[in-house]
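Notes follow once the structure below has been shown.
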Amino acid sequence: MTRTMATIGTKWKPIIIYAIGLKTLRFGEVFARVEIISKKVLTQQLKELVEDKIIMRQEFDEVPLRVEYTLTEKGIELLKILNQLTLWNQKYNIPDYPHE
């Protein structure tokens, strides 16, 4: 469990994985779906998710440079777990931010 939490333990990584879902998205599209994250933090989180082989980053040799992100097979398996957590949250009507 310690390694698992080290891989997805930040508050942003599960949200980013969920935002990408089964689509291929550009950085701006991921940023728009997550909304409340800074570009600097999103860049760092995406980099770490690539290093952990949860998402794949693909660069296209174009001007301007085009970069796309998609879930790897490992990431798709994790998405299934995140979907289960979402269903659990909905079942018990847990608010997004219970302490606010």
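Each value in this text was obtained by applying a stated rule to the coordinates, not by laboratory testing. Every value quoted in this text rests on a predicted model; they were computed, and no experiment measured them. Because the Cβ atoms are built from the backbone with ideal geometry, glycine has one as well, and the counts that use them run over all protein chains shown.
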Tell me which residues, restricted to segment 1-19, are touching a Lys or Arg at 6+ places or on another chain (Cβ under 8 Å) and within 25 Å of Phe60 (Cα to Cα). Ala19
Inside segment 50-67, can you point out the residues that are among the aliphatic types (A, V, I, L, M) and over 13 Å from Leu25 (Cα atoms)? Val50, Ile54, Val63, Leu65
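Scan segment 1-42 for residues that are touching a Leu at 6+ places or on another chain (Cβ under 8 Å) and over 12 Å from Leu79 (Cα atoms) and report the count.
Kept after step one, since they are touching a Leu at 6+ places or on another chain (Cβ under 8 Å), are these residues of segment 1-42: 8, 12-14, 16-22, 27, 30-31, 33-34.
Next, only the ones that are over 12 Å from Leu79 (Cα atoms) stay: 12, 27, 30-31, 33-34.
Residues that pass the stated criteria total 6.
Answer yes if at least one residue in segment 64-85 is among the polar types (S, T, N, Q) and more than 23 Å from Thr4 (Cβ to Cβ), and no otherwise. Let's see the steps before the verdict.
As a first pass, look at segment 64-85 and keep what is among the polar types (S, T, N, Q): 70, 72, 83-84.
Among the residues that remain, those that are also more than 23 Å from Thr4 (Cβ to Cβ) are: none.
No - not one qualifying residue is present in segment 64-85.
Could you say which residue among Glu68, Glu35, Glu59 is within 15 Å of Ile15 (Cα to Cα) and not polar (S, T, N, Q)? Step through it out loud before you land on a result.
Details: Glu68 fails: within 15 Å of Ile15 (Cα to Cα); Glu59 fails: within 15 Å of Ile15 (Cα to Cα).
Going through Glu68, Glu35, Glu59 in turn, just one is within 15 Å of Ile15 (Cα to Cα) and not polar (S, T, N, Q): Glu35.
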